[in-house]
Amino acid sequence: MRITYTRLSYREREEISRGLGSGRSFSDIAKRLGRSTSTVVRDVARNGGRRIYRGFLAESRARRQAKARKRGKRKLDRLPSLRAYVMRKLALAWSPEQIAVMLRREYPRDACMRISPEAIYQYIYVLPRGELKRTLIHALRQERGWRRKQGHRTERRGKIADMLSIEERPRDVATRSVPGHWEGDLLEGKRRRSAIGTLVERTTRFTLLVPLKKKDVASVRKAYARALQTLPKHLTRSLTYDQGKEMSEHRQFSIDTGIIVYFAHPASPWERGTNENTNGLIRQFFPRGTDFKMVSAQELKRVQDLLNTRPRKVLNFEVPHVAFNRLVALDS
């Protein structure tokens with residue numbers, strides 16, 4: 001039977017320290033720990049001997065050595081070509097999981113171009129403090145440091161006239177079996193004084209970022225119409241929106257574009273889950289407190305292109321731009 005050795009724990013080293021202080025022999029201490037005598041003798045010898053040995057100092061030294069060994073074994077330290085690929089994709093705001101999957105696809109026969117998502121995270125977080133570490137952490141998805149209390153929230157907004165409820169939406173929208181159905185929302189900026197529109201196609205996750213000079217209903221309606229009218233008719237069938245007042249002119253929007261607007265229930269973001277998830281991705285580039293009045297249309301287009309040209313797990317790591325263009329070509 002193969003015996004697996006495990007390193008001494010902090011608790012065991014403290015027990016060794018107390019045993020030495022009490023004058024017990026190495027063999028007696030080892031017996032109490034269920035360890036071999038040689039294991040105890042070696043650890044004491046490595047850390048100054050019987051008179052100097054302290055459990056805390058021995059544990060600290062062991063951890064430093066373990067970290068040093070780990071750094072020397074890190075794949076990204078040993079393989080410059082792999083490290084360059086990972087850094088390049090992090091700069092494009094790809095997640096570690098996206099990077100790991102695409103490495104396997106782009107280098108199917110190169111074992112050196114392989115790494116797990118966890119190894120990428122570990123590499124970033126064990127870096128010493130500095131500009132490189134800050135830059136790489138900023139490239140990762142930003143997680144909220146807090147979570148809004150869950151539970152029922154009272155809807156205080158007034159009703160929008162002549163709304164079509166999400167319950168009236170055709171079944172094929174929910175199943176994503178037919179493309180051309182979109183979800184939309186406003187992403188608000190600093191003190192809610194500025195915003196951009198976000199539109200996401202449910203099947204391909206293709207995303208449009210819509211510049212808004214103002215947040216009033218007419219400005220939002222016209223901006224959304226301009227954005228969606230640039231697309232093929234068969235890929236603009238419906239829009240699912242929350243009950244924000246900016247969509248009050250939904251009837252005129254439908255007349256202008258031929259796109260039917262369905263409204264989700266109040267305080268039910270999961271009914272527009274694709275859009276909510278996309279807004280989270282966009283916040284990676286435009287965190288809360290961003291003044292969208294200071295963000296140019298060119299910058300919005302750059303971020304839109306980054307979102308649409310990186311692989312998505314939900315699409316089996318296909319790129320939204322490719323998936324959407326394939327649908328465009330089908331009707332050509």
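Points worth noting:
- There is no residue in region 156-167 that is closer than 30 Å to H234 by Cβ, basic (K, R) and modelled with pLDDT of 65 or more.
- Restricting the first member to region 213-230 and to residues that are without any contact (Cβ under 8 Å) to a residue 12 or more places away in the chain, and the second to residues that are part of a loop (DSSP other than H, G, I, E, B), the beta-carbon pairs closer than 8 Å and six or more apart or on different chains are S219/L212; S219/K213.
- Filter result for V101 (part of a helix (DSSP H, G or I), under 30 Å from V261 (Cα atoms) and modelled with pLDDT of 75 or more): no
- Positions within region 307-320 being part of a helix (DSSP H, G or I) and buried (at least 17 other Cβ atoms within 10 Å of the Cβ), in sequence order: L307, N308, P320
- Tabulated pairs, region 316-331, first within 20 Å of E97 (Cα to Cα), second among the aliphatic types (A, V, I, L, M) and crowded, with 17+ Cβ neighbours inside 10 Å, C-beta under 6 angstrom, 6+ apart or interchain: F317/V101
- Members of region 244-268 found to be within 18 Å of I196 (Cα to Cα) and under 27 Å from the mean Cα position of the chain (by Cα), listed by number: G244
- Residue match in region 174-184 (condition: at pLDDT 90 or above, in contact with a Phe, Trp or Tyr (Cβ under 8 Å, 6 or more places away or on another chain) and not in a loop (DSSP other than H, G, I, E, B)): yes
- The residues on offer are R105, R83, R74, and the sole one that is closer than 30 Å to P320 by Cβ, in contact (Cβ under 8 Å) with a residue 40 or more places away in the chain and not hydrophobic (A, V, I, L, M, F, W, C) is R105.
- Boolean, M113 is part of a loop (DSSP other than H, G, I, E, B), surrounded by 11 or more Cβ atoms within 10 Å (Cβ to Cβ) and modelled with pLDDT of 85 or more: yes
- Put simply, of R202, R237 the only residue that is touching a His at 6+ places or on another chain (Cβ under 6 Å), buried (at least 16 other Cβ atoms within 10 Å of the Cβ), at pLDDT 95 or above and not aliphatic (A, V, I, L, M) is R202.
The values are calculated or read from the model by the stated rules, or taken from the named source; none is laboratory data. Values in this document were obtained by computation on a predicted structure and should not be read as measured data. For neighbour counting, all protein chains shown are included, and Cβ atoms are generated from backbone atoms with ideal geometry for every residue, glycine included.
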